[in-house]
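Report on the following structure.
The values are calculated or read from the model by the stated rules, or taken from the named source; none is laboratory data. Keep in mind that what you see is a predicted model, and the values were worked out from it rather than measured. Cβ placement follows ideal geometry from the backbone for every residue including glycine, while neighbour counts extend to all protein chains displayed. We work out accessible area using only protein heavy atoms, side chains counted, and drop any ligands, DNA or RNA first. Shrake-Rupley method; radii C 1.70, N 1.55, O 1.52, S 1.80 Å.
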There are 4 protein chains.
Amino acid sequence: MVPEPNNWGRFGPDDQRGTLNLLKPAVVLDALRSATTGEVLSLAMPIRGATSSPAPGTVPHLQGRPLPQHFMSVDGGDYAAGARPIGEGLRVADDALIVTHHGTTTHMDALCHMWSGDELYNGHPAARVRSYGATRCGIEHVGGVVARGVLYDVPGHLGLDHLPAGHRIPAGLLEEIATPRPGDVAVVRTGWPVVWERSRAEYWSGQPGLSAEAGRWLAAQDVAAVASDNAAIGGLNGRGMADESLEDDLHLVLLHRHGIHLIEMLWLEELAAAGRSEFVFVAAPLRIEGGTGSPLTPLAIL
Amino acid sequence: MVPEPNNWGRFGPDDQRGTLNLLKPAVVLDALRSATTGEVLSLAMPIRGATSSPAPGTVPHLQGRPLPQHFMSVDGGDYAAGARPIGEGLRVADDALIVTHHGTTTHMDALCHMWSGDELYNGHPAARVRSYGATRCGIEHVGGVVARGVLYDVPGHLGLDHLPAGHRIPAGLLEEIATPRPGDVAVVRTGWPVVWERSRAEYWSGQPGLSAEAGRWLAAQDVAAVASDNAAIGGLNGRGMADESLEDDLHLVLLHRHGIHLIEMLWLEELAAAGRSEFVFVAAPLRIEGGTGSPLTPLAIL
Amino acid sequence: MVPEPNNWGRFGPDDQRGTLNLLKPAVVLDALRSATTGEVLSLAMPIRGATSSPAPGTVPHLQGRPLPQHFMSVDGGDYAAGARPIGEGLRVADDALIVTHHGTTTHMDALCHMWSGDELYNGHPAARVRSYGATRCGIEHVGGVVARGVLYDVPGHLGLDHLPAGHRIPAGLLEEIATPRPGDVAVVRTGWPVVWERSRAEYWSGQPGLSAEAGRWLAAQDVAAVASDNAAIGGLNGRGMADESLEDDLHLVLLHRHGIHLIEMLWLEELAAAGRSEFVFVAAPLRIEGGTGSPLTPLAIL
Amino acid sequence: MVPEPNNWGRFGPDDQRGTLNLLKPAVVLDALRSATTGEVLSLAMPIRGATSSPAPGTVPHLQGRPLPQHFMSVDGGDYAAGARPIGEGLRVADDALIVTHHGTTTHMDALCHMWSGDELYNGHPAARVRSYGATRCGIEHVGGVVARGVLYDVPGHLGLDHLPAGHRIPAGLLEEIATPRPGDVAVVRTGWPVVWERSRAEYWSGQPGLSAEAGRWLAAQDVAAVASDNAAIGGLNGRGMADESLEDDLHLVLLHRHGIHLIEMLWLEELAAAGRSEFVFVAAPLRIEGGTGSPLTPLAIL
């Protein structure tokens, strides 16, 4: 059993999409009205995978995680070195990407990413998550998220460049900024990525995040998803670990109990600077069957 | 020099985004009006990467291309086998993806993907495309595409399940169906993926596609991008190769000369069945710095 | 329980090395005497990982297996294209390899590679083989194999270029050729790789191999390992599968019951042509902690 | 042109194997006599690729290099979680390895790994080293190395646990210990890996290595290869870089000018403790066509 409250069974006994079910067509259509200028912002961190250079390490990431690797299987250098073109003169560049998205780049967590006990969200057996992928609650069930995004620029609200590492955003602070409507995506800015430029050691000294109370409050508002610019939605302690109790662990509160998808490591600095509190939020993870999540480029349409 | 007509210099001497520059905010805002019901369709083929199973080979792909590989670095099986949870009982599933997108999955081509001579689109030196990535015209310049999508259901228009392998869609046929407005995304259905289910040998016996004439016509309409459900926009011959002259090669006509991004290997069967000719088209490739393209999940908002 | 006879417990209750334990220093020293000329032959198939070329598919492999991928993260093309050297003029080439060795290249199977029931060789719990690797019977326990190799050139013995796909080598045929001494490595030539050059379809139509009887006979001779040039030691049927009963499956007979390591997909054509029946056999798998096996380059010192 | 002395042309205008050509059969046979007890030691560092654990980072490596990744595509956990066996009860564990060997694990450098100017060793065009691999001087030309190994336990000779980071071993010190014969492999112990256990920061503060003078002296003795336990044969400075002039860079002296292959990041602590100065040295890199090197498990047969 899981602690109450939760969304188990709410969307049906076989549901694997959680609160994304709230994004009915009428809700999506209504969300599109949040676009007022049509400016499109990418909310993705860059993926730098040139392994024989320092580039990969220049993007914020959790220490110890395997960084992206990007390889060119044919490129302009080959032709400069004498490779013959295809046919009359066609030249091609081709590449491959290796990515472990959790903790290394902008990504969405699937509902199968974390759980406690023997069951995933909605009682699906955790034993269905195996080497060949998660046959329940994998990222492929997301499809595409199109919703109204509500920006919680918490440091902006507090007059700070970024929240301190130990800060856990209380529900009341969110409520001061805005109350989301069912089906909204709460986009929470901590500003923590700006610390990376200043000091990696500081970036790795912890992370600010949402408090359990705030997570529960967002769940009670029936958000379709929660997005943030930190690497772990509930923050991390001084050793880079999440150390809340099972009851208060935000991944469990949101993913496991409420079926609320999480999107982490967004780049929100431009969005915050735009001064918009509502916009169209789009997230389309790769359709990785059985994936625990996916790297992605979320968009804000202003 | 490149054959005329082309878009070199049109968007500035340093431009690396081509006709995506036509997607000004006002154009995007207008495109959003194409959404009438709010239903969201994913246009992505599944990514099946369980390498110790037949699954990877069950997704349409070009023969000989390296298929996606998806690995679980920790999963439910570990816990079933006795692995201890984290802390009081937190359980995690984590994974990695290896993907060479060209020819294996739904993807967007960057402008650096193909060229002739020593220059990429807009005269950028092809020598800038090196092992560490393409420092010109990489996929990271795309950001997010939000545009009006125009569906060209060519086999539907002809009363066929799918086009034959040798079919090259003439401009006149596209024009019969619709004339796109500047900034639109032409979404071309050949129906070829349905052949896969019937016979792999047949799938690999060639591919229908756009004729050079049709490509030029779309370029003349100033489309922001061209998307299709085949693996090569201009089709493939009986040996699985594109054999047009340099003048008529569609990748060169569209990517190289006109800076028109291409999206290939979409899944369009649901979209065609929806009977909608216009919709909101969204494509947000991974922000791979220096990438020749990216796997992605394009969306149609009906 | 496993069927008798077997080597469980023979080398101690915690043993994870099986008959490699027979390679005591005195045995190794004696094995070195098999070298009479000092000529060194590599017994490895080439690893061709250039993914944007047909090269990977030109090496014999089991259909559907993910082929090796080899990427250059910096190469001569970069410098030809204008990349600056390091310091005064140092130039570097660097690369990465992705390899799934089973069925794709010359490799050694660890004892954890196959089993039946809930226990690996010597009763080690199969539940100890998890996502992070095999904590029992992994390939790292092999260290280095230096032994007397005994060549069983079965087609040569029969006056054939290669054995037919359906051939299962009987014990008697091996015995006609040679009787190995304890600690020897039986190197079995089927000649099947030569079929690859002629026809892939034929290569994939099955594989010759050792009969269960022959496997048991080798086990009774206390061989340190068994090596062969086919992709599955006991052969494969017309559908590319091993279909013996559990009792007769050679991987179970050799790996699981007798703790005899297997090395598959060797290139033995040169060795057979050398006309030597005994030689020094060396196999040093990569020390992959928890690996189910390893690609490797076995050597024959004549 | 390259500075004299060098081995360009010495083994023929097309030679790509350098001083490995000295390992004629008679030399190999003679080298085998160095085995006196038959004990076999592995000289490889462990490869730990469990990416969702701290294990990969526990093996000495150069900072910033992409560490090995090892994934199980099917394992005991799957069966514990309910996966059905194959046929009557066959269970399989299968895996994949991703490895960038330079700077991360025990490996051999190919002659194409480093050069200056536009030519590799023996004048082969550096432009032949492209995205699809090095078509000249790739690691596949090595085959198998079987030679007499001569241990230079430099810290042992000096009564130290390990050499200090700034130490560059002079030729005279090597000469005090032993003079290798043509075709020998010089195995140089710096002891630097033992620093890793004590402090990573210290490990990364530089590396001891051979002086240019010592490299030239070894080249003049016509060694078949040089092996060491540090991550860069000539040592590294306080910033983890090799900063010698082109004339004195050891990779250039050995690989580029003399065609002497290098093997780095060996584990030599056991070998040194064995107190043996001569032994049989075996190195069999993976036959990666066009590889800049290969991970491997070198052996010492005592």
Members of region C:274-298 found to be over 10 Å from the mean Cα position of the chain (by Cα), within 7 Å of chain D (Cβ to nearest Cβ) and in a strand (DSSP E or B), listed by number: C:Val282, C:Ile288
Test: A:Arg148 is open to solvent by 50 Å² or more (accessible area, probe 1.4 Å) and assigned by TED's automatic domain parsing to the domain that holds A:Glu270: no
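Test D:Ala220 against the stated conditions and say whether it is closer than 27 Å to D:Gly12 by Cβ and either surrounded by fewer than 24 Cβ atoms within 10 Å (Cβ to Cβ) or modelled with pLDDT under 95 (or both).
Working: closer than 27 Å to D:Gly12 by Cβ: yes; either surrounded by fewer than 24 Cβ atoms within 10 Å (Cβ to Cβ) or modelled with pLDDT under 95 (or both): yes.
The answer is yes for D:Ala220.
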Picked from region D:43-75 (must be among the aliphatic types (A, V, I, L, M) and at the interface with chain B (Cβ under 8 Å from one of its Cβ atoms)), the residue surrounded by the most Cβ atoms within 10 Å (Cβ to Cβ) is D:Met72
Those residues that are free of Cβ contacts under 8 Å to residues at least 40 places away in the same chain and under 11 Å from A:Leu262 (Cβ atoms), I need them from region A:202-231; list them, please. A:Gly215
Can you give me the number of residues within region D:83-100 that are out of contact with any strand residue (DSSP E or B) (no Cβ under 8 Å at 6 or more places or on another chain) and either surrounded by 24 or more Cβ atoms within 10 Å (Cβ to Cβ) or small (Gly, Ala, Ser) (or both)? 1
Those residues of region D:111-128 which are in contact with a Leu (Cβ under 7 Å, 6 or more places away or on another chain) and farther than 14 Å from D:Leu262 by Cβ, in sequence order: D:Ser116, D:Leu120, D:Ala126
If you check B:Leu90 against the conditions, is it at pLDDT 95 or above and either within 21 Å of A:Leu97 (Cα to Cα) or in the same structural domain as B:Leu286 (by TED's automatic domain parsing) (or both)? no
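Please verify whether B:Glu289 is at pLDDT 95 or above, assigned by TED's automatic domain parsing to the domain that holds B:Arg216 and more than 20 Å from B:Tyr152 (Cα to Cα), treating the condition exactly as stated. Full working, then the answer.
On the way: at pLDDT 95 or above: yes; assigned by TED's automatic domain parsing to the domain that holds B:Arg216: yes; more than 20 Å from B:Tyr152 (Cα to Cα): yes.
The answer is yes for B:Glu289.
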Can you give me the number of residues within region D:248-302 that are of a type in the set (Gly, Ala, Ser), over 14 Å from D:Asp229 (Cβ atoms) and open to solvent by 10 Å² or more (accessible area, probe 1.4 Å)? 4
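Hey, any hits in region C:212-229 for a residue that's under 19 Å from C:Thr105 (Cα atoms) and part of a helix (DSSP H, G or I)?
The first filter runs over region C:212-229 and keeps only residues under 19 Å from C:Thr105 (Cα atoms), leaving C:225-229.
From what's left, part of a helix (DSSP H, G or I): none.
No, region C:212-229 contains no residue that is under 19 Å from C:Thr105 (Cα atoms) and part of a helix (DSSP H, G or I).
Whether any residue in region D:151-171 is open to solvent by 20 Å² or more (accessible area, probe 1.4 Å), in the same structural domain as D:Ser294 (by TED's automatic domain parsing), among the hydrophobic types (A, V, I, L, M, F, W, C) and under 21 Å from D:Ala273 (Cβ atoms) is what I want to check. Write out each step before concluding.
Here is the first cut: in region D:151-171, the residues open to solvent by 20 Å² or more (accessible area, probe 1.4 Å) are D:153, D:156-162, D:164-168, D:170.
Okay, now just the ones that are also in the same structural domain as D:Ser294 (by TED's automatic domain parsing), so D:153, D:156-162, D:164-168, D:170.
Then drop every residue that is not among the hydrophobic types (A, V, I, L, M, F, W, C), which leaves D:158, D:160, D:165.
With under 21 Å from D:Ala273 (Cβ atoms) added as a condition, the list becomes D:158, D:160.
Looking through region D:151-171, at least one residue is open to solvent by 20 Å² or more (accessible area, probe 1.4 Å), in the same structural domain as D:Ser294 (by TED's automatic domain parsing), among the hydrophobic types (A, V, I, L, M, F, W, C) and under 21 Å from D:Ala273 (Cβ atoms).
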Would region C:16-27 turn up any residue that is more than 11 Å from chain D (Cβ to nearest Cβ), assigned to a loop (DSSP other than H, G, I, E, B) and either over 30 Å from D:Asn21 (Cβ atoms) or at pLDDT 95 or above (or both)? yes
Considering only region B:79-129, state which residues are facing chain A (nearest Cβ under 7 Å), in a strand (DSSP E or B) and closer than 21 Å to A:Thr292 by Cβ. B:Leu90, B:Arg91, B:Val92, B:Asp94, B:Asp95, B:Ala96, B:Leu97, B:Ile98, B:Val99
Matching residues in region A:130-143 - criterion: being more than 7 Å from chain B (Cβ to nearest Cβ) and either without any contact (Cβ under 8 Å) to a residue 24 or more places away in the chain or open to solvent by less than 30 Å² (accessible area, probe 1.4 Å) (or both): A:Cys137, A:Gly138, A:Ile139, A:Val142
Go through the residues of region C:224-235 one by one and say whether even a single one is more than 8 Å from chain D (Cβ to nearest Cβ), farther than 23 Å from D:Pro85 by Cβ, open to solvent by 10 Å² or more (accessible area, probe 1.4 Å) and in contact with a Gly (Cβ under 8 Å, 6 or more places away or on another chain). no
Applying the selection to region B:18-62, what residues are free of Cβ contacts under 8 Å to residues at least 12 places away in the same chain and of a type in the set (Gly, Ala, Ser)? B:Ala26, B:Ser52, B:Ser53, B:Ala55, B:Gly57
Taking B:Asp30 as meeting all but one of (1) more than 14 Å from chain D (Cβ to nearest Cβ); (2) on the phi > 0 side of the Ramachandran plot, write down the number of the exception. (2)
